[in-house]
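The values are calculated or read from the model by the stated rules, or taken from the named source; none is laboratory data. Here the structure is a predicted model, which is why all the values come from computation and not from measurement. Glycine gets a Cβ as well: all are built from the backbone with ideal geometry, and neighbour counts include every protein chain shown. Accessible surface is based on the protein model in full, side chains and every heavy atom, while ligands, DNA and RNA are left aside. Shrake-Rupley method; radii C 1.70, N 1.55, O 1.52, S 1.80 Å.
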Amino acid sequence: YYLSIKGVNSSGHGVWFAADSFTLYAGSSYTGRDTDYDRRQEVDPSVTIATTLPGGEINFSKSFGEPDSVGDITLTHDTGEVRVIDINSLGVVEEE
């Protein structure tokens, strides 16, 4: 969101989620991104990521930071603790 609003690399930005990691990228989609700007972050093996975002990704428009989709990101710990993060149509992130 922040990188898109600031126009870093003259591009929109997004996040792609996998079960064990997430990748911040520059571009209008994960498949169309510029891989030179990828920032991949693995999560602790005791945590699993699941999402309702289409394709497991969310993209924020250049300059405005508007998301192309809405949905939830669920983080589940091996202990059974669950955290749900909701992203709304304004790009606001809230923990449920």
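Across the alpha-carbon atoms of the range 22-67, the computed radius of gyration and Dmax are 12.0, 36 angstrom. When you filter the chymotrypsin sites (Phe, Trp or Tyr not before Pro) in the chain for DSSP loop state and at most 12 other Cβ atoms inside 10 Å of their Cβ, you are left with Phe64.
The solvent-accessible area of Leu75, taken with every protein chain present and a 1.4 Å probe, is close to 60 Å². Electrostatic bookkeeping for Pro45 treats Lys and Arg as +1 and Asp and Glu as -1; over the other residues with beta carbon under 9 Å from its beta carbon, the sum is -4.
Ordered from longest to shortest, the equivalent ellipsoid semi-axes for the chain are 24, 15, 10 Å, each the square root of 5 times a Cα gyration tensor eigenvalue.
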